[in-house]
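Okay, structure first, notes after.
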Amino acid sequence: RMVHTKCRATKYPFSEVTRFKISDEQVPWTVCVPEYDPPEYNSKVLMNKPWADPPLEDVSFKPKWNELDGKINRKSHTGTYRILNERPLNPQGRTGIKGRGVLGKWGPNHAADPILTRWKMEQDKKVLNTTTNLPILQFCAIQRKDCKQWALPGGMVDPGEKVSETLQREFLEEALNSLDASKEQAEADSKMVRDFFKQGVEVYKGYVDDPRNTDNAWMETVAYNFHDEDGHHVGKFDLKAGDDAQSVQWMDVDKNIDLYASHSNFIKSVADRLKSHW
Ligand code: RP5
Ligand code: MG
Ligand code: MG
């Protein structure tokens, strides 16, 4: 298993907080690091937000760790996480910062990522990479408004929501701008998406190396591939960025693409599965 790196970058996102520096070897909790003294950061943005947990000190807050807590899923895809001093511990190890940063939930924060793919075509033929001689896959990428990085059009699973619903909703919001579309357009798009998303394949379920992760709060996701083999379905959609996305495009799949968090690892699984150029 690879050690997380994106959530150890010096500066914590949307803050002036500097993470405590640790080496790769010092990441696992099982390795003793007596000098480890990370700063605590809890963003004020989370105060009184209905989608966010209360502060841990709040006496009325009694989270059920490692369980389905009402409508909030506090179970981890990675197995049972540890609780130390009444705080959930990041299953991947140290991040150089404690608290929950800007994440809404203590412990796992569940997301879902749709990976829509089609073949790169020219004059009705698949385009091959000149080095590997393998067909080039394209995936639907969005540019995040928050950090300007390219990413999958994923998002958080709402309390009580099914992952299959999150995948469709986030794709509609971020890549088809459903929140600003006319009622007619939004209905037509959601019907197309509902039909096309029937044939999804799970390619990843687990921890995400997200820059927002902390020692006590982290992202997890379920990523599904929805592949348009003949390019006649989503491959033809009129993409339009919306909500958290400022741009959207079909991006060529290649090992050198620099994506948000660990998204390129998920895309690699799709490239393997469809035997495309990587
Ligand atoms: C990543 O953050 C997940 O893989 C998903 O793409 C995303 C969800 O967060 P928001 O897009 O809602 O900020 O860790
Ligand atoms: Mg979103
Ligand atoms: Mg999003």
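The values are calculated or read from the model by the stated rules, or taken from the named source; none is laboratory data. Everything numeric in this text was worked out from a predicted model, so none of it was measured. Don't worry about glycine lacking a Cβ; one is built from the backbone with ideal geometry, like all the others, and counts go over all protein chains shown. Keep in mind that these areas ignore ligands, DNA and RNA; they rest on the heavy atoms of the full protein, side chains included. Shrake-Rupley method; radii C 1.70, N 1.55, O 1.52, S 1.80 Å.
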Which one of Asn90, Asn85, Asn66 is polar (S, T, N, Q) and farther than 26 Å from Glu35 by Cβ?
Asn66
Are there any pairs with C-beta distances below 7 angstrom linking a residue in the range 45-59 that is small (Gly, Ala, Ser) to a residue that is not in a loop (DSSP other than H, G, I, E, B), with the two at least 6 apart or on different chains, and if so which?
Ala52/Leu46
I'd like to verify a number: residues in the range 104-149 that are touching a strand residue (DSSP E or B) at 6+ places or on another chain (Cβ under 9 Å), within 15 Å of ligand 2 (Cβ to nearest atom) and open to solvent by 40 Å² or more (accessible area, probe 1.4 Å), how many?
2
Quick one: what pairs do we get from the range 161-187, first residue touching a residue at least 12 places away in the same chain (Cβ under 8 Å) and more than 13 Å from His110 (Cα to Cα), second away from ligand 1 (no atom under 15 Å from the Cβ) and not in a helix (DSSP H, G or I), C-beta under 7 Å, 6+ apart or different chains?
Ala175/Leu239; Leu176/Phe237; Leu176/Leu239; Leu176/Lys240; Asn177/Lys240
Which of the residues that make up the range 110-166 are of a type outside the set (A, V, I, L, M), within 14 Å of ligand 1 (Cβ to nearest atom) and in a strand (DSSP E or B)?
His110, Asp113, Pro114, Phe139, Cys140, Gln143, Arg144, Trp150, Gly155
When the range 222-272 is checked residue by residue, the ones that are among the aliphatic types (A, V, I, L, M) and assigned to a strand (DSSP E or B) are Val222, Ala223, Ala245, Val248, Met251
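Answer yes or no as to whether Leu172 is within 16 Å of ligand 3 (Cβ to nearest atom), hydrophobic (A, V, I, L, M, F, W, C), closer than 30 Å to Lys125 by Cα and outside any loop (DSSP other than H, G, I, E, B).
So Leu172 passes the test.
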